[in-house]
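Please read the structure below before turning to the comments.
The values are calculated or read from the model by the stated rules, or taken from the named source; none is laboratory data. These figures come from a predicted structure and were not determined experimentally. A quick note on method: Cβ atoms are made from the backbone with ideal geometry, for glycine too, and the neighbour counts reach across all protein chains shown. Protein only, heavy atoms only, side chains kept; ligands, DNA and RNA dropped before computing areas. Shrake-Rupley method; radii C 1.70, N 1.55, O 1.52, S 1.80 Å.
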Amino acid sequence: MKIKWLDRTIMYGGYICLTLGDKETKAALKHCGEVGMYTHTEAGSLFTIKKAGKLCFIVCLNNVVGKDLIQVHALIVHEATHVLQQTMKYIGERKPGAEIEAYIVQCVTQQLMDE
């Protein structure tokens, strides 16, 4: 299965991949060399992989088929916030400005919604 990594436009951002099910998530984790990391969830989850100086995020949205679009968008914003938190932790930023946080969440959310 071909993994599609999204555009890296956030400051010091990692690679981001959106998966919509177990099979895609397992393939993305395998691509990152993290075969045993997967655990099934019925909601959204974020896998953060730090390897060889690279940061990768796999945003997994299971069980969204048939859900209300607003629920799916809210889940995407939720996971984008976790991407922001992990990015700030990775670069050692303890007190990012509110505007930087908002831009990163906006950017990640838009990319995930576009995908």
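Quick notes on this structure:
- Trypsin sites (Lys or Arg not before Pro) within the stretch 13-115, DSSP loop, no more than 13 other Cβ atoms inside 10 Å: Lys67, Arg94
- Three-way shape call for the stretch 52-91 based on the alpha-carbon gyration tensor, with the a/c threshold at 1.5: oblate
- Measuring between alpha carbons in the structure, the pairs from Lys4/Lys95; Lys23/Lys54; Lys67/Lys89; Lys54/Lys95; Lys4/Lys26; Lys2/Lys67 lying more than 20 angstrom apart are Lys4/Lys95; Lys23/Lys54; Lys67/Lys89; Lys54/Lys95; Lys2/Lys67.
- Structure remark: mean-square fluctuation, Gaussian network model of the chain, C-alpha springs under 10 Å; the largest value among Gly66, Gly21, Gly92 belongs to Gly66.
- Here is how the number arises for the chain: DSSP H runs of 4 or more residues each give -39500 (n - 2.57), the sum is divided by the residue count, and the result at 222 nm is -14500 deg cm²/dmol.
- Debye log10 I(q)/I(0) at q = 0.12, 0.20 Å⁻¹ for the stretch 23-84, Cα point scatterers: -0.31, -0.80
- Fraction of accessible area attributable to carbon and sulfur, the chain (%, probe 1.4 Å): 54
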